[in-house]
Structure formats: structure tokens, C-alpha cells
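Only one structure is covered here, and it is reproduced in the block below.
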Amino acid sequence: MFRGGLLGSLVLGMSSCVTELPALVDQDQVAGNLVVGRVITVLTGERSRRYVPQMRFLELEDTDSRQRFQVDIESPDQRFAIDLPTGKYRLIRVQISEGPFMSIADLDMTFSVEADVITHVGTWRFGVDSPRYGRNVIVSMISEERAMARTFLNEQYPAFNENSMVERLPQPSQTETRLYEVMPYPRYSRYFRRHWW
């Protein structure tokens, strides 16, 4: 009985592992397929905020193997180029920071990665509500001019100049979801916790 429980918890622990990826993979380390795009994070409510929102990371999941990948962005506006195996993927989670405050949202947006081509997933725009009860984030997947994406590739990845590129925007192309606070909260007194719900 004890061995079965131990084995079960070990399997669960192993299946919950996440592979961390930098926003820009080194050209020499691309073993699978190059996936390129851009992440923009903006505030949709009041503008007189001390902290502007920025994307901390995106989390992707291979729909077949259930392997998860965390892409570290750490910027309000960042292009990314990551190395992924061929397959179908879901954008399942994002974490957004505003100074010491962090929020997380669960998503379900799918796209596919094809073999032997560069997969361009467009611009991912995250519109963050001002702090309030029931705070949301609006996610829009926008098609970007191919010339701009090609210019980025030519500058960062000259070895891939000859590779063809296909566009695969995640679907649905727009969604809205709840944004939840992430603990531990900064050590401010309860009175000053603007995000306390």
C-alpha cells in the first residue's frame, strides 16, 4: 500500500515538471523547429500606475505528450524564438508582474508546429485590467507583417534565412479570462494592498 502511494506520488511529481526555455534560443541549439512570435503586455484601465505590467512567463503544453514548457519573457514587449518539437500545443498559463505584485491566468489557446519550417505565431497581446475585484486579462492573437518577422529572423538567426515560414495563430484568436493574485504577497500592511480581494 505504501509503495503504491509512493510510486503514485513520484509519477505525479515527474509529470508536473516544466522545461524552462529562454525567450531567445541560441541559433546553434535549435534541435527541433523554430517558433517565433512577439508578446506585448499593456494596461487597459487607468494609466497613472506606478508599475506597468510585464509578462514574466508563458506556459505551453504539448497536447499529446503533456510535456510543459515555460518561456521566460520578463518584459512588456519582447520577441521570442523558441525550439519546440513538431506537434500541437496549447498556451495554458501566463504570469504577469507589476513591480512586486504578480498575477496568473489560465488559458486554452492552441496552435501547431510543423516540421522543417519556421512557425510564426504572430503577436500575442495581453490587455490587463486595472486592479479591482474580478480583474481580467484580454488576450488577442494578431497577425504580424511577415516582413517584420523576416527582418527579426535575418538579424537574430541568419542560418535560417533560407527556411520557409508559415503562420499559425493560436485559436481562438481572442479570449478574456480572470487574473488571480499569486502569493506570497509583498510585505505591505493590509491597508496598502491594492490588489487584496
Tell me the net charge near ILE40. Cut-off is 11 Å between Cβ atoms, ILE40 excluded, with +1 for each Lys or Arg and -1 for each Asp or Glu. +1
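Quick one: net charge of VAL25's neighbours, Cβ under 14 Å, K/R +1, D/E -1? Display every interim value, and only then the final one.
On the way: positive: ARG79; negative: GLU20, ASP26, ASP28, ASP72, ASP83.
Residues near VAL25 contribute -4 overall.
Pull up the DSSP beta bridges for the range 17-192 and report the antiparallel fraction as a percent, rounded to 5. Intermediate values should be presented prior to the final figure.
Details: 47 of 64 bridges.
Here the antiparallel bridges make up roughly 75 percent for the range 17-192.
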In nm, spacing of pseudo-spin labels at GLU74 and CYS17 (7 Å Cα→C-beta vector): 2.3
Cβ-Cβ cut-off under 12 Å around THR177, Lys and Arg +1, Asp and Glu -1: the net charge is -1
Under a plain spin-label model, where a point goes 7 Å from the Cα along Cα-to-Cβ, how far apart in nm are ALA147 and VAL52? 2.6
Contact order relative to length for the range 17-192, counting C-alpha pairs under 8 Å separated by 6 or more residues, stands in percent at 25
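Which FRET efficiency, nearest 0.05, do LYS88 and ARG125 yield, Cβ-Cβ r, R0 30 Å?
Values: r = 22 Å, r/R0 = 0.75.
After rounding, the FRET efficiency stands at 0.85.
FYI, it's all coordinate maths here, none of it is from the lab. Note that the coordinates shown come from a computational prediction; the quantities given were computed from them, not determined experimentally. Please note: Cβ atoms are built from the backbone with ideal geometry, for glycine as well, and neighbour counts cover all protein chains shown.
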